[in-house]
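Here's the structure, in C-alpha cells; my notes come after.
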Amino acid sequence: MKKNTIYIFSIIITILITSLGVHSLILAKEDAGSLVSANENNVDDVAEREILSLLLDLRAIDLDSSIFESEAFKSLKDFGVTLAKEPVSRVNPFAPIGNDRAVATSTNADNDTE
C-alpha cells in the first residue's frame, strides 16, 4: 500500500510539473511575439530621438567666420602635392594572363568605331 501511494503521488507531481512547463512555454511564445515588436518600435524610437538630438546640436553650432579674415589664416601655405597619373596596367585585371592583349585590342577597336 505504501509503495502504491508513493507511485501515485510521484505520477501526480510529474503531471503537474509537466503541465506547468507546457503552460509556461505557451505563454513564453505568445509574449515573445509581442516583445519583439515592442522592442523594434523602441529601437526605432531611440534611433529617431538620437538623430533629432544630433540635428538640434548641429543647429546650435555658431561658426565665427572672422577667423578666415585674420592674418594668421591668410599666411597659411598649401603644401598639397598633385599626383601624377599612373599608367593603367590591364583593362580587365580578372582576365586570364595572356588574354589581356586580345581584350585590350578589342576594346580599343570598339572605342575607335564609336
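Structure values in brief
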| read-out | value |
| --- | --- |
| Test: residue in the stretch 26-45 that is at pLDDT 80 or above, exposed (fewer than 10 other Cβ atoms within 10 Å of the Cβ) and under 34 Å from the mean Cα position of the chain (by Cα) | no |
| The stretch 55-88: number of residues that are within 32 Å of the chain's Cα centre (by Cα) and in a helix (DSSP H, G or I) | 6 |
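The values are calculated or read from the model by the stated rules, or taken from the named source; none is laboratory data. Keep in mind that this is a model prediction, so the values were computed, not measured. Neighbour counts run over all protein chains shown; Cβ positions are idealised from the backbone, glycine included.
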